[in-house]
Amino acid sequence: TCWVPYTDPGIGLARAVRESVEAFLQVHSSCPRVIFMQNHGLLVTGKNPEEILSTTQMTVKAVRTLRATMDFGGPRYLPPQETARIDTRPDEAFRKKVSGWEA
């Protein structure tokens, strides 16, 4: 996910998106699938309309879940070793494949 700080609409915003995407590319060596533009909205990329819709739905679900956690003191993230363990499970590989999130 790529974050673009608030910039006035127009050329300035386009440049800010480019800079944020370039910074993301430097770190991740791939283009972001989701770009949040502060006070402007969301950009989602994908190979086809179905992938874009799926990514949009997953992003909206994640944002709603994160917002709901704020009522209980904010998110409590799993430790890195737990996320690594989950990431290697066969069912997680299958979920990534069918959702289009496979690397």
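The values are calculated or read from the model by the stated rules, or taken from the named source; none is laboratory data. Predicted model only: the values in this text are computed from it and were never measured. Note that we place each Cβ from the backbone using ideal geometry, even for glycine, and neighbour counts take in every protein chain shown. What goes into the accessible areas is simple: the full protein's heavy atoms, side chains included, and nothing from ligands, DNA or RNA. Shrake-Rupley method; radii C 1.70, N 1.55, O 1.52, S 1.80 Å.
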*If you go through region 66-97 one residue at a time, how many are outside any loop (DSSP other than H, G, I, E, B) and surrounded by fewer than 10 Cβ atoms within 10 Å (Cβ to Cβ)?*
8
*Please state which of the following conditions Phe36 fails to meet, knowing it meets all the rest: (1) outside any helix (DSSP H, G or I); (2) at pLDDT 95 or above; (3) open to solvent by 100 Å² or more (accessible area, probe 1.4 Å).*
(3)
*In region 39-48, which residues are at pLDDT below 95 and either open to solvent by 50 Å² or more (accessible area, probe 1.4 Å) or under 10 Å from Thr1 (Cβ atoms) (or both)?*
Thr45, Lys47, Asn48
*Under 7 Å between Cβ atoms, at least 6 apart or on separate chains: pull out the pairs that start in region 80-100 with a residue that is within 22 Å of Glu51 (Cα to Cα) and end on any residue that is assigned to a helix (DSSP H, G or I) and hydroxyl-bearing (Ser, Thr, Tyr).*
Ser99/Ser54; Gly100/Ser54
_Residues to consider are Pro32, Pro5; find the one that is touching a residue at least 24 places away in the same chain (Cβ under 8 Å) and more than 24 Å from Ser99 (Cα to Cα)._
Pro5
*How many residues are open to solvent by 100 Å² or more (accessible area, probe 1.4 Å) and either within 24 Å of Met58 (Cβ to Cβ) or touching a strand residue (DSSP E or B) at 6+ places or on another chain (Cβ under 9 Å) (or both) when one looks only at region 1-22?*
4
*Go through region 46-65 and count every residue that is in contact with a helix residue (DSSP H, G or I) (Cβ under 7 Å, 6 or more places away or on another chain) and free of Cβ contacts under 8 Å to residues at least 40 places away in the same chain.*
0
*Might you let me know whether region 53-61 holds any residue that is among the basic types (Lys, Arg) and over 27 Å from Ser99 (Cα atoms)?*
no
_Selection status of Val63, assigned to a helix (DSSP H, G or I), at pLDDT 95 or above and under 15 Å from Thr1 (Cβ atoms)_ = no
*Can you tell me which residue in region 1-32 is modelled with the lowest pLDDT, limited to those that are in a loop (DSSP other than H, G, I, E, B) and in contact with a Cys (Cβ under 9 Å, 6 or more places away or on another chain)?*
Cys31
